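The values are calculated or read from the model by the stated rules, or taken from the named source; none is laboratory data. This is a predicted model, so every value here is computed, not measured. Don't worry about glycine lacking a Cβ; one is built from the backbone with ideal geometry, like all the others, and counts go over all protein chains shown. We work out accessible area using only protein heavy atoms, side chains counted, and drop any ligands, DNA or RNA first. Shrake-Rupley method; radii C 1.70, N 1.55, O 1.52, S 1.80 Å.
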Amino acid sequence: MKENECILEMRNITKTFPGVKALDKVNFEVKKGEVHALVGENGAGKSTLMKVLSGIHSPSEGEIIYQGKKVEFAGPLDAKAKGVVLIHQELSLVDEMTVAENIFLGDLPRNKFGFIDWKGLNKRSKELLERLECEFEPTELVGRLSIARQQMVEIARGLTQDVNIVVFDEPTASLTQEEEKVLFENINRLREQGTAIVYISHRLNEIFQISDRITVLRDGEMTGLLNTAETNECELTSLMIGRDLEDHLDFEKRGRDEIGKEVLKVEGLSKDGLFNDISFSIHEGEVLGLSGLVGAGRSELAETIFGVRKADSGKIFLEGDEIKVGDANKSVDLGIGFVPENRKEQGLILGRSVLDNLSLAKIRNLNRYGFIKGREEKLIYQDYQDKLDIKTPSSKQQVKNLSGGNQQKVIMAKWLCINPKLLILDEPTVGIDVGTKAEIHKLIRKLAAAGIAVLVISSEMPEVMGVSDRILTMYHGEITGEFYAEEATEEKLIKGITGIEAGACKVG
Amino acid sequence: MKSKTGIMKVKDNFDIWDFVQKNSIWLIFVICIVFFSIMTPNFLRVRNITNIFLQSSFIGIMSIGMTYLMIDGNFDLSMGSIMALSAVLVIGFMDYGIPVAVLLSLLAGSAIGALNGLFVTKAGINAFIVTLGSMLGVRGLVYIYTGERALVSSELAFSEISAASVGPIPLPVLIFLIMLILGELVLRYTSHGRGCYAIGGNYEAAVNAGIKVDKHIIINFILAGFTAALAGILMASRMNAATPTLGMEDHMIVITAVVLGGTKLDGGFGNLIRTLGGVLVIGMIRNGMNLLNVHSYVNMLIMGLILISVVYMDQKFDPLEE
Amino acid sequence: MGSSVKTESNLKDSSSKKINFAEIIKRHGILFVFLLMIIGISLRTDSFLTQNNMLLVLRQVSVKGIIACGMTYMLIGGEFDLSVGSLVSLTAVLVIDFHDILGPFAAIIIAILAGISVGAFNGFLVGFLKLNSLIVTFGMLFVIQALTLLYTGGQYVSVSNQGATWFSIIGRGFIFGIPIPVIIFGIILIIFGVVLSKTVYGRYLYSVGGNPIASKFSGIPKTYITFSTFIITGLTAAIGGIILGSRLMSAQNYLGQGYEFDIITAVVLGGTSLFGGSGSIPKTLIGVLILGFLSNGFIMMGFPYYVQWVVQWAILIGAVWMDVASKRGKILA
């Protein structure tokens, strides 16, 4: 077989879900013996593309060519049988069982009496582990292994049949550096054996360490196919999160000297493994952008400030008074609102009505002796439905039947109606149509103009630059830079969020 | 999702704490023996020990089925009722001969188990609710069949089944131990056994690996029904009669014995040898309390408290991410 | 209601003009079942549809109905309480036993405190320690039963001089021809119904059961809400125990045995979901009435009480199956 033979080609893949275009004419190919990285931020479509590959989703348009033939796998099991192994971030292993059992799970070798052939099982497993140069025994319990080794078990499982392609989905998310090294050695070994590797990650340093080529996705579109040797982290980041400035994002910003009084002050906030010694403040009428890649600790920081997480150390002050960290109930009383990243899981009670969701935070102040003031609730509902232009057939409609954009507006309204002093928005426009996105951006500026301190977390560069008066960059749980709107450039921000020293980066 | 960071351990390092934790049932076992033999002079007599084994064998047989079910992450509250059903059926059908009667009640028990299993897997209803339903429903069937009266058998040969013994070992005990060993072998050496661990340990992984999850779960429900029926038959044979209230609290005792033996409530972990430990400890407590002339109600109190404590320990050593 | 509400409903009407029979049956199917059942039974018996029988049924269901109100809160909040039956026995025994020692008023207070305490303990285990409510309350079922047995020593307890106390009024009395237990049930229905639909607490309950995570992210004190549902259920069980005790003027250990099953069946039958986040008190009332009329009808038709257990088995499975199937949009998993 030739070295540069394409073993897999995905051509013009488009996948639409009701209301969302998850993938838009994406091309992706892998050659034998190469490590092809697939990068992009959350929601860029990496996982969807792999789900299309393994047959969990069938593409709305486009075709998959595997070993020169058009294919459509019936599911991960079918894909595996045909030589395409997917290794997910969440490993599909049974902790309580041995390495060997996990490797042959679902297809344990049996002897002629129908009993499990433990000897044969362990012997065959041993062979596979040796092929991967693993230094652990097939009889060990999987739960006792480090994550890196557990991943090797998952790989070994793939090798029980002939394997042509191994897809690693965010494999290093929970690995220590030492384990990462082991994983990379193993990936290199597979590459040398001629296996094609798809490596999905948003950690740029790894990608440069391991990959030969890189395909970049952004918002379901392919924004680049690069040779790793010919690019750098800045270009890659720019492809991942950069975007042409949209017209509506041309807002008037506050300068260094127009800042109001301090609303929130965070002092030395730390949580082991998530973020470390974070200090900053937000002022009245200011939009503070917090920019960083997924995994930088942005959401965790926001959740801690709001109080759904506890911190190890550090203090939070609201208008000069220290508040107890880790008490969301109190935070709401004090006027902190939080629009979380995951609308359906964290933001909404999907089975309840639009009205119930909208007033969920406000009703604590909208009652007499515990009885909800129905008429006032209705008025507030109408007010905000009108202001935010929430499209719903009725206030009694279950919120799960609304579109993503309207759902997001409901969550925004939920916090706006408590008249917050501080509003935290975590990825407020992910998975939302362009029109609503612009509305939300305008709304953010309007809120600031009304005196609310707004913290916007986003991995979209134009969004952060477009709406913020001031921007903090975050990398590996630490604040790496602070810029006022007039001095912020894409280049400076990318340095901050990739943790690269100044001067080492030039955006093309 | 379980946090995986806590379980990175160096290879070949024998973990004493882990060993003790896993086998704590034997520690409890020894403590029970010491405690009761100090408190009651008759406790360690051969006759009493045989008695403990005999009394435990009925609960023990049912514990086998329950252990299988709990390893795959399920539950059966209806075992006590199934036991009563098979007991009244075996007595009721005695006129057709012992083999027919026994076969019929085993079949009935297995059928109820199969029904439970189908509701859990195919209809997708929580096992707790399904078996809470059949617990009362089957009890209703028992009452309908008996008309609220106890059934008495005149067939002496039937009562000899449980009175028989092989050497010093009473037949029910022998049946229990043989089933226990067979059961443990199946758990260790067959794809059904390993499948149970996989399903309870990581349901998604089991499905992903192509394991026929529903089939294994239904088999285990049938097994639970079967063992309950067997226990019921032996119980009927021992009394040569069957009361409709038989086994009212047995599902509780069985569950307590199994979780005390270390089987995880959410599945994936456990084995029959440790279940044996749990069964014997429960047996000793019941017997010892009896010798101490403590009210039998105290047993129930202890069972309840054990169950709650085990749930607490389970949770504490495997905390949910919150 | 304001004018914009009207336009909203117009919007809805215009979007779905056709009458959707499947939707109606899904929504109100339980009412049809109820009507069919009443017609069926009344065709087969003479005295079923008489006023006396109706009142009798209402009185019979009132105790379970009261506890079902508490259980509705429990299920909406996403938890279970299997220990209510034992708690009924315990509180009934306590109220009877203390009646002769401290007098009826103190006895009632003690029984209520006992119910609240047991509920608080359950609530502590489930709410604060985050233990699985099914298993915890299953264990508590036996713990409470054993405590009751230890307390009574397995004996009946009864009020010695039944003529000399007002206590029996609670269970046996009438106001304007309506049995007092029915009146208490009615009051509790109204209070629970109003609190659930009109208060902040009710909203929080639906939220916590519907999506515990999103509730946390909205600053709702989930732990305390869960804790409170156990106290409320404990309280209703105590009220049930007191009424039962008063009606019988005696009590014993197994008085409330199996109640948890009847009550959960009734609540689920009414259409309250086992997964939390949906349900209502009127629905529970319907569920309770169906079971009550069913059991009454069965007895009138000459079936012994335990036949009903078997029917109830089928009803419980059927009701939950419908709920589960409608959630996933398929009959079979």
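For the reader, a short list of remarks on this structure follows.
- Residue in region C:133-147 that is within 11 Å of another protein chain (Cβ to nearest Cβ) and modelled with pLDDT under 90 present: yes
- Which listed residue, of A:E135, A:E185, A:E179, A:E130, is within 13 Å of chain B (Cβ to nearest Cβ), more than 24 Å from B:G210 (Cβ to Cβ) and either open to solvent by 20 Å² or more (accessible area, probe 1.4 Å) or not in a helix (DSSP H, G or I) (or both): A:E135
- The set of residues in region B:180-197 that are open to solvent by 40 Å² or more (accessible area, probe 1.4 Å) and either in contact with a helix residue (DSSP H, G or I) (Cβ under 6 Å, 6 or more places away or on another chain) or not in a helix (DSSP H, G or I) (or both) contains only B:V186.
- Of the set (1) under 17 Å from the mean Cα position of the chain (by Cα); (2) more than 9 Å from chain B (Cβ to nearest Cβ); (3) in a loop (DSSP other than H, G, I, E, B), all apply to C:Y254 but (1).
- Note on region A:378-411: residues that are in contact with a strand residue (DSSP E or B) (Cβ under 9 Å, 6 or more places away or on another chain) and of a type in the set (D, E) total 0.
- Being crowded, with 23+ Cβ neighbours inside 10 Å, farther than 26 Å from A:G295 by Cβ and within 13 Å of another protein chain (Cβ to nearest Cβ) is a description that does not apply to A:R144.
- Identity of the residue in region C:92-132, more than 14 Å from chain B (Cβ to nearest Cβ) and among the charged types (D, E, K, R), that ends up most open to solvent (accessible area, probe 1.4 Å): C:D100
- Enumeration of residues in region A:335-352 that are touching a residue at least 12 places away in the same chain (Cβ under 8 Å) and in a loop (DSSP other than H, G, I, E, B): A:G335, A:P340, A:E341, A:L348, A:I349, A:L350, A:G351, A:R352
- Condition broken by B:V102, with the remaining ones in (1) under 17 Å from the mean Cα position of the chain (by Cα); (2) part of a helix (DSSP H, G or I) satisfied: (1)
- C:F192 open to solvent by 20 Å² or more (accessible area, probe 1.4 Å) and in contact with a Phe, Trp or Tyr (Cβ under 8 Å, 6 or more places away or on another chain): yes
- Pair list, Cβ < 6 Å and 6+ apart or interchain, from region A:411-433 residues that are within 17 Å of A:K362 (Cβ to Cβ) to residues that are among the aromatic types (F, W, Y) and open to solvent by 20 Å² or more (accessible area, probe 1.4 Å): A:A413/A:Y384; A:C417/A:Y384
- Among residues of region B:93-107 that are crowded, with 21+ Cβ neighbours inside 10 Å, those with a beta-carbon under 7 Å from a residue that is of a type in the set (V, I, T) at least six positions away or on a different chain give the pairs B:A101/B:V90; B:V102/B:V90; B:V102/B:I233; B:S105/B:V90; B:S105/B:I233.
- Entry remark, region C:264-308: residues being touching a residue at least 12 places away in the same chain (Cβ under 8 Å) and in a helix (DSSP H, G or I) number 27 in total.
- Residue in region B:256-267 that is under 30 Å from C:T152 (Cβ atoms), away from every other protein chain (no Cβ under 13 Å) and under 20 Å from the mean Cα position of the chain (by Cα) present: yes
- For region A:251-298, a residue qualifies if it is among the acidic types (D, E) and either open to solvent by 20 Å² or more (accessible area, probe 1.4 Å) or in a strand (DSSP E or B) (or both), and the qualifying residues are A:E252, A:D257, A:E258, A:E262, A:E267, A:D272, A:D277, A:E284.
- Considering region C:218-228, and only residues there that are in contact with a Leu (Cβ under 8 Å, 6 or more places away or on another chain) and free of Cβ contacts under 8 Å to residues at least 60 places away in the same chain, the residue that is nearest to the other protein chains (Cβ to nearest Cβ) turns out to be C:S218.
- The numbered conditions (1) closer than 23 Å to A:D327 by Cβ; (2) free of Cβ contacts under 8 Å to residues at least 12 places away in the same chain; (3) open to solvent by 20 Å² or more (accessible area, probe 1.4 Å) are all true for C:I231 except (2).
- Residue count for region C:31-79, restricted to those that are farther than 20 Å from C:F261 by Cα and of a type in the set (V, I, T): 6
- The residues in region A:56-96 that are open to solvent by less than 20 Å² (accessible area, probe 1.4 Å) and either farther than 30 Å from A:K126 by Cα or away from chain B (no Cβ under 11 Å) (or both) can be counted, and the count is 8.
- Selection status of A:K46, closer than 19 Å to A:F17 by Cα, basic (K, R) and surrounded by 20 or more Cβ atoms within 10 Å (Cβ to Cβ): yes
- Residues that are hydrophobic (A, V, I, L, M, F, W, C), in contact (Cβ under 8 Å) with a residue 24 or more places away in the chain and not in a strand (DSSP E or B), drawn from region A:54-79: A:A79
- Filter pass, A:V99 being open to solvent by 10 Å² or more (accessible area, probe 1.4 Å), over 28 Å from the mean Cα position of the chain (by Cα) and aliphatic (A, V, I, L, M): no
- Against the conditions (1) assigned to a strand (DSSP E or B); (2) open to solvent by less than 10 Å² (accessible area, probe 1.4 Å), A:I479 satisfies every one except (2).
- Residue in region A:201-218 that is in contact with an Asp or Glu (Cβ under 8 Å, 6 or more places away or on another chain), under 20 Å from A:E482 (Cα atoms) and crowded, with 19+ Cβ neighbours inside 10 Å present: no
- From A:K21, A:K15, A:K51, A:K31, residue being in contact with a Cys (Cβ under 8 Å, 6 or more places away or on another chain) and either in contact (Cβ under 8 Å) with a residue 24 or more places away in the chain or not polar (S, T, N, Q) (or both): A:K31
- Residue in region B:192-204 that is more than 24 Å from the chain's Cα centre (by Cα) and away from chain C (no Cβ under 14 Å) present: yes
- Being closer than 24 Å to A:N122 by Cα, open to solvent by 50 Å² or more (accessible area, probe 1.4 Å) and of a type in the set (A, V, I, L, M, F, W, C) is not true of A:V153.
- Subset of region C:165-206 (residues that are within 21 Å of A:G370 (Cα to Cα) and free of Cβ contacts under 8 Å to residues at least 60 places away in the same chain): C:I187, C:I190, C:I191, C:V194, C:V195, C:K198, C:T199, C:V200, C:Y201, C:G202, C:R203, C:Y204
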